[in-house]
Amino acid sequence: MMKHKEIALNKLRGMGDEVLEKILQEEVPSLKIPSRGTGNIIYNQDKRYFELGERKGTRSLGNVKQIKKMAQMMCVGNFCKELVNIQKTATMREMYYVSEGWDVGFDNQQESNNITEDIEVTLGVSRENLGLLPEEDGASVYGDITLRDDDVEFNAKKLGKSGYTIPPTIDDVEFVDSNVERIIAVETMGMYHRMVQEKAYDRFNTLIVGLKGQAARATRRFIRRASDELQVPVYICNDGDPWGFHIAMVIISGSAKLAHVNHDLATPDAKFLGVTASDIENYDLPTDKLKDIDVARLKELAADPRYKADFWQTEIKKMIKLGRKAEQQSFSKYGLEYIVDNYFPNKISAIEGKPIE
């Protein structure tokens, strides 16, 4: 079975060969590039995530307006080929500065990012497997899972209280063994550390993932791989507001912007534990008043096809009616341990249909 980097290298070579062959045949080089425009981003009801449609555009050296972009794609492709060949990586920012030495450099970072995405969608290979990494910090994982990175094997429960930091190159990490029964992803690192301190990893036999807000691509890829390879349910616990709902949904169904890689990032079977509007009522949680921007965002979510399920429609409407929102930490009203002692067992038991010790 070919590794991700081997596949990336073959596809990069293929793209270069396609252009070179047309030059040798004295034809105008061109490439077909899937459109990332909103008109070509489709929510697949069966797969339960956004994906790109069939629409493609042609980038050709025969069009004077496209010459620079075509040349930039070749330069980025060659840069990535060298990275993969020598088994090194570079951040997106580093590549931008490296491009200063190219004859067709970029005017700004966004232009560089756009060309990288063009290559991603054209080749069907993620930028991480092309050797290009973001600047973002990785999320943290704590629990009984054994991983192997290169020749080093380790358990995420034995790396200190901070746990394992998910690297951008998570596809290169092997899942060796695990004894967990479920995964709980939490929005804030405060909640992550609370769960570690209260030993939720042992009490619920769970893998804890601290998202650090909106989950990075590597975090979403880790969760998807863990769901598939460990064959355990995934639960998400975020703040009870439209932004927390959105963070959860990006994990579940992906984002429109990353429609070309959602098949590797989305975890459609993941379930949202809370904080829900029903939790606000049932647990009498401390709340803040919804702002106008919160209400507007909730109405946008209600119209989004990803939120068509009765659960989401009910919770969104109830939150608007309540006019209130609540944070994860609001359970601390009943004591620091309450969320681990009471809330999580209650919610997981209700979903799984069995008591959680």
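Bear in mind that the values in this text are calculations on the coordinates, not laboratory data. Everything numeric here is computed off the predicted structure, so don't read it as measured data. Every residue, glycine as well, gets a Cβ built from its backbone with ideal geometry; the counts of neighbours run over all protein chains shown.
The table below lists the values:
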| item | result |
| --- | --- |
| Among [x] 1.10; [y] 0.97; [z] 1.05, the entry derived from the coordinates for Cα Rg over 2.2 N^0.38 Å | [x] |
| Pairwise label distance in nanometres, Asn114 with Thr58, each label 7 Å out on the Cα-Cβ vector | 2.2 |
| On Cα atoms only, tilt of 67-85 relative to the major axis of the chain in degrees | 70 |
| Value of [θ]222 nm, deg cm²/dmol, for the chain, DSSP H segments ≥ 4, -39500 (n - 2.57) each, nearest 500 | -12500 deg cm²/dmol |
| Per-residue HN-Hα couplings for region 181-195 [Karplus 6.51, -1.76, 1.60; θ = phi - 60°; Hz; x = Gly/Pro] | 9, 7, 10, 10, 9, 10, 5, 9, 6, x, 5, 4, 5, 4, 5 |
| Tilt relative to the chain, helix 242-253 - C-alpha long axis, 0 to 90 degrees, to 10 | 60 |
| Per-residue Cβ neighbour rank within 10 angstrom, fewest leading, Lys11, Lys3, Lys317, Lys347 | Lys3, Lys317, Lys11, Lys347 |
| Contact order relative to length of region 4-133, as percent, for alpha carbon pairs under 8 angstrom and 6 or more apart | 29 |
| Cα gyration tensor, region 140-352 - rounded (a/c under 1.5), prolate or oblate | oblate |
| Order of Lys158, Lys212 under a 10 Å beta carbon neighbour criterion, fewest first | Lys158, Lys212 |
| Relative contact order of the chain, pairs being alpha-carbon contacts under 8 Å that are 6 or more residues apart, as % | 14 |
| Angle in degrees between helix 310-322 and the longest Cα principal axis of the chain, rounded to the nearest 10 | 70 |
| Gain upon complete extension [Asp341, Asn85; 0.36 nm per residue less C-alpha separation] | 87.1 nm |
| Exposure proxy ranking, count of Cβ atoms within 10 Å, fewest first, for Glu111, Glu120, Glu187 | Glu111, Glu120, Glu187 |
